[in-house]
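Student: Once you've had a glance at the structure underneath, I'll fire off some questions.
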Amino acid sequence: MTETPSDWVRRFSGLIPRDGWVLDLACGGGRHARFLAGLGHAVAAVDRDAAMLAGLAGLAGVTTLQADLEGGPWPCPGRSFAGIIVTNYLHRPLFPALADALAGGGVLIYETFMLGNERFGRPSNPDFLLRPGELLEAFGARLTVVAFEQGEVALPKPAVVQRLCAAKGTGPFRLP
């Protein structure tokens with residue numbers, strides 16, 4: 001498990017408004033929660049694994065929430081977020097809830113694996129791999145796409161990924 005924040009998250013984190021909470025969904029060990037809290041954001045770190053969340057206990061600026069994202073209800077009903085971060089996680093039924101949970105001007109930063117990644121190992125199940133252009137399809141009609149990439153990467157390890165940064169609003173957005 002890496003502790004280094006994703007380059008994609010670091011690149012676009014400056015677009016997240018300072019006046020609201022950031023949701024780190026399926027946060028795992030909390031590398032992005034730690035990074036964003038270090039930038040001064042209040043972070044809600046959500047994961048189903050209590051042991052992973054325990055490593056964030058007491059960290060200034062981070063509130064943890066254990067939730068079953070796939071078998072339970074949306075863990076943040078009625079809340080809106082200035083930013084939502086999702087990396088290395090895919091559960092398609094959450095797409096509408098993610099768009100709904102963004103506050104006006106809020107920023108979604110999403111990065112996960114896509115078809116083709118099976119050549120490099122896990123995940124290899126198509127249920128956990130995006131189709132080409134799927135993040136654009138899922139969010140492009142409801143959010144303003146700031147940046148999108150898909151393809152093979154060498155670092156931090158060889159993989160095939162898809163990345164999206166999108167905002168609820170029309171911008172203009174200062175690109176990093």
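Student: Can you list the strands (runs of 3 or more DSSP E) found entirely within the stretch 61-176 that contain at least 1 residues being touching a Lys or Arg at 6+ places or on another chain (Cβ under 8 Å) and hydroxyl-bearing (Ser, Thr, Tyr)?
Tutor: 102-113, 144-153
Student: May I ask you to say which residue of Ala50, Ala37, Ala33, Ala57 is hydrophobic (A, V, I, L, M, F, W, C) and open to solvent by 60 Å² or more (accessible area, probe 1.4 Å)?
Tutor: Answer to the selection: Ala57.
Student: So how many residues does the stretch 147-176 have that are open to solvent by less than 30 Å² (accessible area, probe 1.4 Å) and either farther than 21 Å from Tyr89 by Cα or touching a residue at least 24 places away in the same chain (Cβ under 8 Å) (or both)?
Tutor: Residues in the stretch 147-176 being open to solvent by less than 30 Å² (accessible area, probe 1.4 Å) and either farther than 21 Å from Tyr89 by Cα or touching a residue at least 24 places away in the same chain (Cβ under 8 Å) (or both): 9 in total.
Student: A follow-up question, please. Looking only at residues that are in contact with a strand residue (DSSP E or B) (Cβ under 6 Å, 6 or more places away or on another chain) and aromatic (Phe, Trp, Tyr) in the stretch 2-61, which one is nearest to Gly106 (Cα to Cα)?
Tutor: Among them, the one singled out is Trp21.
Student: Follow-up question, since we're still on this one. Here is a check on your reading of the model: is Phe139 surrounded by fewer than 20 Cβ atoms within 10 Å (Cβ to Cβ) and free of Cβ contacts under 8 Å to residues at least 60 places away in the same chain?
Tutor: no
Student: Check the stretch 118-135 and report whether any residue there is hydrophobic (A, V, I, L, M, F, W, C), modelled with pLDDT under 95 and at negative phi.
Tutor: Within the stretch 118-135, one or more residues are hydrophobic (A, V, I, L, M, F, W, C), modelled with pLDDT under 95 and at negative phi.
Student: When only residues in the stretch 1-41 that are of a type in the set (Asp, Glu) and modelled with pLDDT of 95 or more count, which is nearest to Arg79 (Cα to Cα)?
Tutor: Asp24
Student: What number of residues in the stretch 29-44 are without any contact (Cβ under 8 Å) to a residue 40 or more places away in the chain and either over 10 Å from Gly61 (Cα atoms) or assigned to a loop (DSSP other than H, G, I, E, B) (or both)?
Tutor: 6
Student: Also: Output the number of the condition that Asn125 fails; it satisfies all remaining conditions of (1) more than 15 Å from the chain's Cα centre (by Cα); (2) in contact (Cβ under 8 Å) with a residue 40 or more places away in the chain; (3) open to solvent by 40 Å² or more (accessible area, probe 1.4 Å).
Tutor: Status for Asn125: all satisfied but (2).
Student: Step by step: first the residues of the stretch 6-30, then only those that are of a type in the set (D, E, K, R) and surrounded by fewer than 23 Cβ atoms within 10 Å (Cβ to Cβ), then the one that is nearest to Ala147 (Cα to Cα). Which residue is that?
Tutor: Arg11
Student: On to the next question. List every residue pair whose Cβ atoms sit under 8 Å apart, with the two residues 6 or more apart in sequence or on different chains, where the first one lies in the stretch 68-82 and is within 17 Å of Ala50 (Cα to Cα) and in contact (Cβ under 8 Å) with a residue 40 or more places away in the chain and the second, anywhere, is open to solvent by 70 Å² or more (accessible area, probe 1.4 Å) and assigned to a loop (DSSP other than H, G, I, E, B).
Tutor: Leu69/Arg48
Student: Just to be sure I understand, how many residues within the stretch 86-127 are under 17 Å from Glu152 (Cβ atoms) and among the hydrophobic types (A, V, I, L, M, F, W, C)?
Tutor: 4
Student: Take the stretch 1-28 and flag every residue that is of a type outside the set (A, V, I, L, M), more than 19 Å from Phe95 (Cβ to Cβ) and either under 13 Å from the mean Cα position of the chain (by Cα) or not in a loop (DSSP other than H, G, I, E, B) (or both).
Tutor: If the condition is that a residue be of a type outside the set (A, V, I, L, M), more than 19 Å from Phe95 (Cβ to Cβ) and either under 13 Å from the mean Cα position of the chain (by Cα) or not in a loop (DSSP other than H, G, I, E, B) (or both), then Pro5, Ser6, Asp7, Arg10, Arg11, Ser13, Gly14, Trp21, Gly28 are the ones that fit.
The values are calculated or read from the model by the stated rules, or taken from the named source; none is laboratory data. Note that the coordinates shown come from a computational prediction; the quantities given were computed from them, not determined experimentally. A quick note on method: Cβ atoms are made from the backbone with ideal geometry, for glycine too, and the neighbour counts reach across all protein chains shown. Protein only, heavy atoms only, side chains kept; ligands, DNA and RNA dropped before computing areas. Shrake-Rupley method; radii C 1.70, N 1.55, O 1.52, S 1.80 Å.
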